[in-house]
1. Hey, could you check the range 66-81 for residues that are assigned to a helix (DSSP H, G or I) and touching a residue at least 40 places away in the same chain (Cβ under 8 Å) and say which is surrounded by the fewest Cβ atoms within 10 Å (Cβ to Cβ)?
2. Hey, any hits in the range 125-136 for a residue that's over 30 Å from T20 (Cβ atoms), assigned to a helix (DSSP H, G or I) and at pLDDT 65 or above?
3. Just give me the residues in the range 1-47 being surrounded by fewer than 19 Cβ atoms within 10 Å (Cβ to Cβ), of a type in the set (K, R) and modelled with pLDDT of 90 or more, in sequence order.
4. Please verify whether the range 8-17 includes one or more residues that are touching a helix residue (DSSP H, G or I) at 6+ places or on another chain (Cβ under 9 Å) and either in a loop (DSSP other than H, G, I, E, B) or among the charged types (D, E, K, R) (or both).
5. For the range 35-65, what are the residues that are among the small types (G, A, S), under 23 Å from I21 (Cα atoms) and either touching a Ser or Thr at 6+ places or on another chain (Cβ under 7 Å) or assigned to a helix (DSSP H, G or I) (or both)?
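The values are calculated or read from the model by the stated rules, or taken from the named source; none is laboratory data. Values in this document were obtained by computation on a predicted structure and should not be read as measured data. Using ideal geometry, Cβ is built from the backbone for each residue, glycine included, and neighbour counts are taken over all protein chains shown.
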Amino acid sequence: MSLPKARLERVLIKQVDDDTIFYDLDNHKATSLNASAAEIWQLSDGTRTPEDIAENMELTDPGPVIWTLRQLQKAGLLEQNDPLPAGPTRREAIRQIATGTRVAMALAPSVVAITVPTAAQAASCGAHGSPCSGASDCCSGVCDTWAGFCVG
């Protein structure tokens, strides 16, 4: 029996509008969850099965919950515990949500990885020939905006 548990250690959590952003301090990756996926993550307290979580969310089928838990596990937002049961594909999960509960597709759980540059990458400038959109993008301070490349 799988009892997924949300990872709370070494993760920064920030609410931004309707999304919840997680920043993993171990691998320096960020993940964004919509409200439905965040609710599944919050309900993953190590005492509930995917079926219990689905029931708590008033879903008639646990498939979308299992699919979301697999995405959360892949993103490193669940503690390592028992393997999750086989679940549906994303398309099947969304179809189950729409058919089983008659909710809008916007409520389908969404787990999205966000690319976060390292401090050095964020502070670095482009060398000669690097793509640019303005002088501040180039180490030389000269951007050929027509061609879109650093010069000098």
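1. That would be Q73.
2. Yes: the range 125-136 contains one or more residues that are over 30 Å from T20 (Cβ atoms), assigned to a helix (DSSP H, G or I) and at pLDDT 65 or above.
3. K5, R10, K14
4. no
5. Across the range 35-65, the qualifying residues are A35, S36, A37, A38, A54.
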